[in-house]
1. Specify the residue that is surrounded by the fewest Cβ atoms within 10 Å (Cβ to Cβ); the eligible residues are those in region 76-121 that are among the acidic types (Asp, Glu) and in contact with a strand residue (DSSP E or B) (Cβ under 8 Å, 6 or more places away or on another chain).
2. I'm checking my understanding of the structure. Among residues of region 57-112 that are of a type in the set (D, E, K, R) and not in a helix (DSSP H, G or I), which one is modelled with the highest pLDDT?
3. Quick check on Leu217: is it surrounded by 14 or more Cβ atoms within 10 Å (Cβ to Cβ) and in contact with a Cys (Cβ under 8 Å, 6 or more places away or on another chain)?
4. Within region 229-245, which residues are within 15 Å of Lys257 (Cα to Cα) and touching a residue at least 60 places away in the same chain (Cβ under 8 Å)?
5. I want to confirm something. Restricting to region 64-75 and keeping residues that are more than 24 Å from Asn110 (Cα to Cα) and not β-branched (Val, Ile, Thr), which single residue is surrounded by the most Cβ atoms within 10 Å (Cβ to Cβ)?
6. Inside region 148-186, can you point out the residues that are part of a loop (DSSP other than H, G, I, E, B) and touching a residue at least 24 places away in the same chain (Cβ under 8 Å)?
7. Quick one: which of Ile124, Ile83, Ile75 is farther than 19 Å from Lys61 by Cα, in contact (Cβ under 8 Å) with a residue 40 or more places away in the chain and among the hydrophobic types (A, V, I, L, M, F, W, C)?
8. Looking only at region 338-361, count every residue that is surrounded by fewer than 19 Cβ atoms within 10 Å (Cβ to Cβ) and more than 24 Å from Glu210 (Cα to Cα) and tell me the total.
Amino acid sequence: MDSVLTPEMIHVGPRHYRKNASRQCFIQSFPPSISQIEEIPDAEEADINETDPEILELNKKIMAVDNGYTISIEIPPLFHKFIIGVQHSKRKLLEDEFRCNIDVPNYGSNSTTVSVTGPSRFNILNACRRILWIVADARTRCQPTHFICLPVTCPSVKDNFQTFRQSILQAANECTSHDFMGVDSSIFHSVSTLHFTLTTLVLADESEVEKAREILLTFRKSQRGLHLFAAGPLNLTIKDLEYMNDDPTSVHVLYAKLMESPDSRRLQTIANELSNLLAEQNLTSTGSYRPDNNVKLHMTLLNSKYRQERSSRNALSQGSLPNTRTSFSITGILKIAGNFSFAENQSFNEIYLCDRLSLDSTTQFYKFCCKLEFGP
C-alpha cells in the first residue's frame, strides 16, 4: 500500500490527481469512491482554466439545448462499467454531484458515445473531467492489451536461452537443497517470444490502436525520432540476471540485464520518450509516474505467473478453484548462471507495437500492429 505521505498519483493528460488513503484501500476488490479522490491544489475543479487544452477541447463539443447544455464524448465500451458502477451507483453519484444526466450505452452495446446533459457549461465540464479521470484510473487497473517492445528473435540468443533453460532445469532436478525450490519448466518464458518490454498499453478498441500507431509513426518522423533512429541498429549486450525484491529465495520474476553502452542508453531514451507520449494520451496501463524517470527495460526469463495461469486453466476445466501464485528460489540459479551471457554486441533493427494476446502463426512471435525500423 502507498504511504499516506506519498499517495498514488493519477495523471490525466496535463492534470494530476492524488488518490487519498482510506479504509477502502484495505479492500482491494472494491473500487475507490469518488469522495476519496482529491485534486491537487493547482487543479481545483471550482477554478476552471479556460486555456487548459482539455477544457478547450471539451468546450468545443458542448451544444445548447432546450433544458441547458449537452455534450457527447467517446468512451470505449471497456470502460463503461467503471462509469456506471454496481447497480448504477457511480453514475447516480456523478449525476447528483454535478446536477446532470449521464447517458451510458447499455451493456453489450458497441457504441462509444457517452452523453452528459446539464443546466450549465460548468456542470458539464466538471462531470466530463471526472468521467475522464475515472477512465484513466480504470485503465491502470485493466490488464494490458498491447505493449511496445524490442523483439529478441535472433537465433543465437534463442540458442543461448535454450542452453540456459536446460542447465537450470538439470541442476534443479539434481539439487537436494532448497536452492531451486519452485523452479520447473512451467515458469520459463517461451523462446519464441523473448523481448525487452518498453511500455505496456491498454488499447480498448481499434481507434485507440490506430491512435497509438500514429503516435509511434509521428515520433519516428520527428526531429527527435530521426536523431535516435538514424544512428542505425542497436548493438546490445544481454548479460547477467536481475530480480526486483531483496529475497532471492522468494522471487516471482527473473530478468536478463541489458549492459550499459551508448546504444543501451539510446534505447532507454526511446523507451522513456515513447512512454511519455503515450501516457500523455492516457494509453499506458501503469500511468506515467516513474521514480527515476526511466522505464525499466527488462527481458523476462522466468515468471511465476506462467505457472499460475496454466494451473488455473487446468483447475477451471476440472471445476476446481484457480490456484494462487507461488514464488520460486533463484539462489541456485544465481550460483550457476548469475553471469550468463545471452548476447554479445548483438544487432537489433526494429521496435514493435504488439498485440499481447495474438501470435503470428509463422514466427510464433506476437502479432505487431506497427513497426519502427532503425536506420536513415
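The values are calculated or read from the model by the stated rules, or taken from the named source; none is laboratory data. Source: prediction; values computed, not measured. Backbone-built Cβ (ideal geometry, glycine too); neighbour counts: all protein chains shown.
1. Step by step, filter region 76-121, then rank; the result is Asp103.
2. That would be Asp103.
3. yes
4. Within region 229-245, Asn235, Leu236, Thr237, Ile238, Lys239, Asp240, Leu241, Tyr243 meet the criteria.
5. Tyr69
6. The answer is Val152, Thr153, Cys154, Cys175, Ser177, His178, Asp179, Phe180, Met181, Gly182, Val183, Asp184.
7. On inspection, the qualifying residue turns out to be Ile83.
8. Going through region 338-361 one residue at a time, the tally reaches 7.
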